[in-house]
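To start, the structure under review is shown below, and the notes come after it.
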Amino acid sequence: MNMARVVQPEWLDHLPADDPRAIRSRDDLRRINVLMSATRLLGEALDPLIAGRNHARIVELGAGDGSLLLRLARSRANAWPPVTLDLLDMQPIVAPATLARYGELGWAANVVHADVFDWLRDTPTNSNADVNTDEAPIIVANLFLHHFEGQHLSELLHGIAARARAFICVEPRRSSFALLGSRLLGVIGCNAVTRHDAVVSVRAGFADQDLSQGWPSDAAWDLREHAAGLFGHRLVAVRT
Ligand SMILES: C[S@@+](CC[C@H](N)C(=O)[O-])C[C@H]1O[C@@H](n2cnc3c(N)ncnc32)[C@H](O)[C@@H]1O
């Protein structure tokens with residue numbers, strides 16, 4: 001089935017961070033990330049980019065409560081060099097205990113409370129000489145890019161490419177199977193916010209080479225975009 005991409009507002013983005021429905025929905029998201037194998041999909045793409053380096057800088061866009069990368073930190077703490085991590089989200093919801101746990105694992109994690117477009121405006125681009133150093137960040141995102149379309153999505157992809165040495169994202173796959181899965185989330189106890197947003201997210205998700213086609217072609221990038229896990233779609237973009 002070739003589903004047209006439709007982007008609609010998600011309820012979680014419009015609920016106050018301390019609304020009980022939002023808190024519950026973020027719990028649901030943690031379980032959905034397990035179902036989507038998000039930690040594994042990000043980790044296996046990051047391993048070859050980080051192992052053997054002296055240091056790594058990671059920026060997570062739309063990081064939510066920061067729990068996804070914390071799972072990754074737990075699994076890679078002994079294998080990777082020291083990591084500096086910026087957790088960017090427009091909602092300030094990373095708990096102090098989460099930040100402390102990163103610290104115990106040797107990761108220097110910072111919360112960046114900002115809209116991603118303001119952050120792009122305030123973050124200088126890297127010159128060609130900088131982008132392959134450890135100081136140029138690897139930018140990652142999970143269940144984030146599908147919020148955007150048209151000019152906004154294009155601005156985001158160009159802005160990321162101008163600042164990153166690599167970019168990895170895991171997004172909902174726009175497929176009939178993922179749509180079916182999103183409609184069954186009540187079975188695992190997800191609340192109304194999550195059930196609504198999951199269906200909206202799959203319809204706004206990606207398929208084929210949607211993201212690669214929007215990626216800038218003014219520098220040499222190795223782009224790999226494909227179905228990932230049961231319900232996901234992954235782009236791995238690495239400067240060559
Ligand atoms: C579906 S949640 C995913 C959260 C997290 N990545 C995860 O996997 O649990 C999307 C996140 O993007 C954030 N977000 C949406 N639009 C944003 C924007 N324009 N700038 C920064 N964050 C944004 C929301 O606040 C939310 O935390």
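The values are calculated or read from the model by the stated rules, or taken from the named source; none is laboratory data. All figures in this text were calculated on a predicted structure; none of them were measured in a lab. For neighbour counting, all protein chains shown are included, and Cβ atoms are generated from backbone atoms with ideal geometry for every residue, glycine included. The accessibility values were calculated without ligands, DNA or RNA, using every heavy atom of the protein model including side chains. Shrake-Rupley method; radii C 1.70, N 1.55, O 1.52, S 1.80 Å.
Does LEU143 satisfy being in contact with a helix residue (DSSP H, G or I) (Cβ under 9 Å, 6 or more places away or on another chain) and open to solvent by 10 Å² or more (accessible area, probe 1.4 Å)? Break it down into steps so the answer makes sense when it comes.
Working: in contact with a helix residue (DSSP H, G or I) (Cβ under 9 Å, 6 or more places away or on another chain): yes; open to solvent by 10 Å² or more (accessible area, probe 1.4 Å): yes.
Considered against the rule, which asks whether it is in contact with a helix residue (DSSP H, G or I) (Cβ under 9 Å, 6 or more places away or on another chain) and open to solvent by 10 Å² or more (accessible area, probe 1.4 Å), LEU143 comes out as yes.
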Among (1) surrounded by fewer than 20 Cβ atoms within 10 Å (Cβ to Cβ); (2) closer than 19 Å to ASP115 by Cα; (3) in contact with a Pro (Cβ under 8 Å, 6 or more places away or on another chain), the one test that ARG53 misses: (2)
Members of region 72-95 that are within 16 Å of the ligand (Cβ to nearest atom), aliphatic (A, V, I, L, M) and not in a loop (DSSP other than H, G, I, E, B): LEU72, ALA73, LEU85, LEU87, LEU88
Any chance GLU225 is open to solvent by less than 10 Å² (accessible area, probe 1.4 Å), of a type in the set (Asp, Glu) and closer than 24 Å to THR39 by Cβ: no
Residue count for region 160-180, restricted to those that are away from the ligand (no atom under 12 Å from the Cβ) and either touching a Ser or Thr at 6+ places or on another chain (Cβ under 9 Å) or among the aliphatic types (A, V, I, L, M) (or both): 11
From ARG74, ARG101, ARG57, residue being touching a helix residue (DSSP H, G or I) at 6+ places or on another chain (Cβ under 7 Å) and either within 12 Å of VAL140 (Cβ to Cβ) or not aliphatic (A, V, I, L, M) (or both): ARG101
Which numbered condition ILE58 fails, given (1) modelled with pLDDT of 95 or more; (2) open to solvent by 20 Å² or more (accessible area, probe 1.4 Å): (2)
Meets criteria (more than 26 Å from ALA198 (Cα to Cα) and among the acidic types (Asp, Glu)) for ASP47: yes
Some residue of region 95-112 being of a type in the set (D, E, K, R) and open to solvent by less than 60 Å² (accessible area, probe 1.4 Å): no
Which listed residue is in a strand (DSSP E or B) and more than 20 Å from HIS158 (Cβ to Cβ), from VAL140, VAL111: VAL111
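Being at pLDDT 95 or above, within 23 Å of PHE206 (Cβ to Cβ), more than 9 Å from the ligand (Cβ to nearest atom) and of a type in the set (Asp, Glu) is the requirement here; does ASP19 meet it? Break it down stepwise before answering.
On the way: at pLDDT 95 or above: yes; within 23 Å of PHE206 (Cβ to Cβ): no; more than 9 Å from the ligand (Cβ to nearest atom): yes; of a type in the set (Asp, Glu): yes.
Answer is no for this residue.
Sort through ARG234, ARG163 and tell me the only one that's in a loop (DSSP other than H, G, I, E, B), under 19 Å from the mean Cα position of the chain (by Cα) and surrounded by 19 or more Cβ atoms within 10 Å (Cβ to Cβ). Even if it seems obvious, please write down each step before you answer.
Working: ARG234 fails: in a loop (DSSP other than H, G, I, E, B).
Criteria check complete, one pass: ARG163.
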Residues of region 184-240 satisfying the condition of being touching a Phe, Trp or Tyr at 6+ places or on another chain (Cβ under 9 Å), aliphatic (A, V, I, L, M) and at pLDDT 95 or above: ALA192, VAL193, VAL200, VAL202, ALA204, LEU223, LEU235, VAL236, ALA237, VAL238
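When you go through ASP218, ASP208, ASP197, ASP134 one by one, which is the residue that is touching a residue at least 40 places away in the same chain (Cβ under 8 Å), charged (D, E, K, R) and either within 14 Å of the ligand (Cβ to nearest atom) or open to solvent by 50 Å² or more (accessible area, probe 1.4 Å) (or both)?
Details: ASP218 fails: touching a residue at least 40 places away in the same chain (Cβ under 8 Å); ASP208 fails: touching a residue at least 40 places away in the same chain (Cβ under 8 Å); ASP134 fails: either within 14 Å of the ligand (Cβ to nearest atom) or open to solvent by 50 Å² or more (accessible area, probe 1.4 Å) (or both).
After applying the criteria, what remains is ASP197.
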